[in-house]
Each structure stands twice: as C-alpha cells, then as structure tokens.
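I have placed the structure first, in the form of structure tokens, so that the comments after it can refer back to it.
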Amino acid sequence: MKEVLIYTVDYCPFCKKAEMLLNQKNVKYKKVNITENEKEYRQKLSQYYDIKGKVTVPQIIIDGRRIGGSDDLERLSLSGELDKLLKD
C-alpha cells in the first residue's frame, strides 16, 4: 500500500467520515490533526499543494498526490479508482 496522509481537525464530521471509509477498507494512514495550529497548516497546505481558494478539511494525500476531501475520497471509492491508487 502507498502512504496515505489525512489532515483533520477535531470538530469536522467530514474528517470522521473519511477516516471511517479508510478504516472500512483497512487502509493504514497517518492522521495529522491540525486543530491546534489550524490557520498555519491551512496556509502551508494551500502553498504546498497549490490549492486555490479556501483550504477545507479533510485533505487526503495518497503517495504525495492530493486527492481532495471526503467527497472526493468517496467518489474514488465508489468508482473503484481508490483501490487502484492504493496498490503498490
């Protein structure tokens, strides 16, 4: 499996939804909780991944590639593309 990162905040229901989907698929991932330094991390994510507009959470990264948020993860899962992305 490839490296999966998920940037989250404590109060976000979409973050919990994304984590639940990853857990259901038995995907090992590293969770980066940005609640304490949210503004700083959102700014860094915007710059690093060239995100235009507001940076939402969760931000899900698979093997260095930003795939987006919870809805994007769900779409990838339903289409079968998530499994392809996660394969070595």
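The values are calculated or read from the model by the stated rules, or taken from the named source; none is laboratory data. In this text, all values refer to a predicted model and were calculated from it rather than measured experimentally. Here the Cβ positions follow ideal geometry from the backbone for every residue, glycine too, while neighbour counts run over all protein chains shown.
Structural remarks
- Residue count, segment 1-48 (criterion: among the aromatic types (Phe, Trp, Tyr) and either surrounded by 15 or more Cβ atoms within 10 Å (Cβ to Cβ) or within 22 Å of residue 83 (Cβ to Cβ) (or both)): 4
- In segment 1-53, the residues that are touching a residue at least 40 places away in the same chain (Cβ under 8 Å), aliphatic (A, V, I, L, M) and either touching a helix residue (DSSP H, G or I) at 6+ places or on another chain (Cβ under 8 Å) or assigned to a helix (DSSP H, G or I) (or both): 1, 4, 6, 9, 18, 21, 22, 27
- Which listed residue, of 40, 36, 74, 81, is acidic (Asp, Glu), at pLDDT 95 or above and closer than 12 Å to residue 8 by Cα: 36
- Looking at 64, 69, just one residue is among the small types (Gly, Ala, Ser) and without any contact (Cβ under 8 Å) to a residue 60 or more places away in the chain, and that residue is 69.
- With respect to the stated conditions, residue 81 is farther than 19 Å from residue 33 by Cβ and either exposed (fewer than 12 other Cβ atoms within 10 Å of the Cβ) or free of Cβ contacts under 8 Å to residues at least 24 places away in the same chain (or both).
- Any chance residue 72 is touching a strand residue (DSSP E or B) at 6+ places or on another chain (Cβ under 8 Å) and outside any strand (DSSP E or B): yes
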